[in-house]
């Protein structure tokens with residue numbers, strides 16, 4: 001049985017076997033206590049080892065923090081506070097020891113900076129363990145939400161020849177010797193000789209391919225790794241991160257907003273109900289507003305305003321912003337957080353952004369100045385979801401591509417979607433790590449992913 005189930009439902013006087021790792025050990029004259037954790041819950045189970053157990057001294061000597069162990073015995077009522085039961089051991093097997101002189105997690109608390117230097121061990125700590133359980137619950141909720149609505153999970157490619165956002169900050173994929181790539185007669189790199197026969201990259205988004213699938217299956221979603229070669233050493237950026245991107249045919253910007261709001265509310269509610277102890281831990285130890293923030297998402301309808309209204313509210317504000325406010329700017333995190341945290345005090349959705357600061361695929365509004373884009377802004381973090389109604393009109397899309405100096409030939413297949421059965425459609429993207437960071441109150445995004453990939457950091 002997993003420790004979580006033992007603590008919840010194991011019957012008194014039943015015989016059970018528990019497997020895990022030693023968190024703490026305390027030796028007394030007549031017996032010893034150890035706490036065993038298997039990662040299934042924040043709490044471990046206390047195991048009592050009587051001195052008359054065969055080979056007691058040798059076993060207890062090996063039961064240091066970090067050692068792996070199997071304990072079998074009888075479930076008994078615990079006289080201690082805060083625990084319903086404990087295990088009276090009849091047999092204990094130590095599988096792998098942990099030298100207390102060299103095991104780096106002897107102390108109860110370590111800085112997150114230190115823990116990043118031992119990424120192969122940090123998930124054994126209470127905080128990182130709680131993060132990973134909440135991350136798992138978030139992923140489960142995401143799949144459950146979309147599957148219950150009849151969406152198809154589309155596995156979009158990691159390797160792509162398309163730059164979805166025109167950012168140019170992409171990792172190249174090649175089988176060339178990078179010190180001596182093959183070149184043509186003019187000295188340029190001859191990509192015709194490369195593995196894919198053309199410049200190829202790690203994807204920054206599965207959106208364009210999701211649009212392909214939506215044109216056949218109506219409602220689809222992606223959930224997979226994406227990559228950004230942005231040299232940013234900040235608490236908000238990763239080079240490898242996961243994205244959730246639903247795409248819906250026969251859907252407009254209103255339906256897009258409705259789905260995003262319902263989606264966030266569902267995921268937060270699921271995690272609160274599934275991981276109450278972990279959420280309480282974050283509320284107590286990391287950020288005292290974690291539960292308040294979650295309930296704010298669950299209980300409130302999101303405010304909805306246009307970009308133009310948002311700029312007017314920012315201009316009227318007496319708050320001093322680092323970045324000046326005027327119509328046409330790409331709002332910064334300080335602007336977004338002011339709107340969500342201080343002004344509305346709840347999540348809001350901003351729509352109809354200037355076309356010049358948004359991507360080519362967003363549907364042009366009738367004013368020819370704005371596009372049908374939407375961002376969900378949340379207290380504490382700012383933008384958490386970005387989406388839009390997509391441009392389904394071939395002539396308008398071709399004009400937008402030309403205006404933005406994008407090579408139309410590279411998007412021939414994307415334009416074909418507008419030639420053959422085009423339909424109004426919409427979608428959005430959610431950065432998965434941003435969601436976990438928002439939900440847990442963790443300050444650094446590197447601490448909400450098991451193996452963070454950042455500039456100069458790809459140890460294993």
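The values are calculated or read from the model by the stated rules, or taken from the named source; none is laboratory data. Given the structure is predicted, the values throughout are model-derived calculations rather than measurements. Ideal geometry is used to build each Cβ from the backbone, glycine not excepted, and the neighbour counts take in all protein chains shown.
Take the residues in region 312-331 that are in contact with a helix residue (DSSP H, G or I) (Cβ under 9 Å, 6 or more places away or on another chain) and part of a helix (DSSP H, G or I), then tell me which one is farthest from residue 111 (Cα to Cα).
Taking the candidates together, the pick is 313.
Among the residues of region 39-72, which ones are without any contact (Cβ under 8 Å) to a residue 60 or more places away in the chain and at positive phi?
Selection gives 55, 66.
Filter region 337-351 for residues that are part of a helix (DSSP H, G or I) and either under 18 Å from residue 294 (Cβ atoms) or without any contact (Cβ under 8 Å) to a residue 24 or more places away in the chain (or both) and give the result.
337, 340, 341, 342
Among the listed residues 212, 220, 244, which satisfies the condition of being at pLDDT 95 or above, under 17 Å from the mean Cα position of the chain (by Cα) and within 16 Å of residue 154 (Cβ to Cβ)?
244
Counting only residues that are within 30 Å of residue 135 (Cα to Cα) and assigned to a loop (DSSP other than H, G, I, E, B), which one in region 61-80 is nearest to the chain's Cα centre (by Cα)? Spell out the reasoning first.
Narrowing region 61-80 to residues within 30 Å of residue 135 (Cα to Cα): 64-71.
Restricting the remaining residues to those that are assigned to a loop (DSSP other than H, G, I, E, B) gives 64-67.
Details: 64: 34, 65: 30, 66: 28, 67: 30 Å.
In this case the residue turns out to be 66.
Would you call residue 108 within 27 Å of residue 274 (Cβ to Cβ), free of Cβ contacts under 8 Å to residues at least 40 places away in the same chain and assigned to a helix (DSSP H, G or I)?
In short, no.
Return the residues of region 148-166 that are outside any loop (DSSP other than H, G, I, E, B) and modelled with pLDDT of 95 or more; say none if nothing qualifies.
148, 152, 153, 159
Would you say residue 85 is more than 28 Å from the chain's Cα centre (by Cα) and either assigned by TED's automatic domain parsing to the domain that holds residue 30 or surrounded by 12 or more Cβ atoms within 10 Å (Cβ to Cβ) (or both)?
yes
So which residues in region 274-307 are assigned to a helix (DSSP H, G or I), closer than 26 Å to residue 386 by Cα and free of Cβ contacts under 8 Å to residues at least 60 places away in the same chain, if there are any at all?
291, 292, 295, 298, 299, listed by residue number.
Find the residue count for region 111-147, including only residues that are part of a loop (DSSP other than H, G, I, E, B), free of Cβ contacts under 8 Å to residues at least 40 places away in the same chain and over 18 Å from residue 42 (Cα atoms).
Looking only at region 111-147, we keep the residues that are part of a loop (DSSP other than H, G, I, E, B), and these are 111, 117-121, 125.
Filter once more, so that each one left must be free of Cβ contacts under 8 Å to residues at least 40 places away in the same chain: 111, 117-118, 121, 125.
If we keep only those that are over 18 Å from residue 42 (Cα atoms) too, we end up with 111, 117-118.
Qualifying residue count for the region: 3.
Identify all residues within region 1-20 that are within 17 Å of residue 67 (Cα to Cα) and either out of contact with any helix residue (DSSP H, G or I) (no Cβ under 7 Å at 6 or more places or on another chain) or assigned by TED's automatic domain parsing to the domain that holds residue 277 (or both); write none if there are none.
3, 17, 19
Would you be able to say whether some residue in region 52-60 is more than 23 Å from residue 19 (Cβ to Cβ), touching a helix residue (DSSP H, G or I) at 6+ places or on another chain (Cβ under 6 Å) and outside any strand (DSSP E or B)?
Within region 52-60, none of the residues are more than 23 Å from residue 19 (Cβ to Cβ), touching a helix residue (DSSP H, G or I) at 6+ places or on another chain (Cβ under 6 Å) and outside any strand (DSSP E or B).
Sort out which residues of region 316-334 are within 20 Å of residue 380 (Cβ to Cβ) and either surrounded by fewer than 11 Cβ atoms within 10 Å (Cβ to Cβ) or more than 32 Å from the chain's Cα centre (by Cα) (or both), and write them in order of number.
Answer for region 316-334, where residues must be within 20 Å of residue 380 (Cβ to Cβ) and either surrounded by fewer than 11 Cβ atoms within 10 Å (Cβ to Cβ) or more than 32 Å from the chain's Cα centre (by Cα) (or both): 317, 322.
All but one of (1) loosely packed, with under 13 Cβ neighbours inside 10 Å; (2) touching a helix residue (DSSP H, G or I) at 6+ places or on another chain (Cβ under 6 Å) hold for residue 197; state the number of the condition that does not hold.
Single failed check for residue 197: (2).
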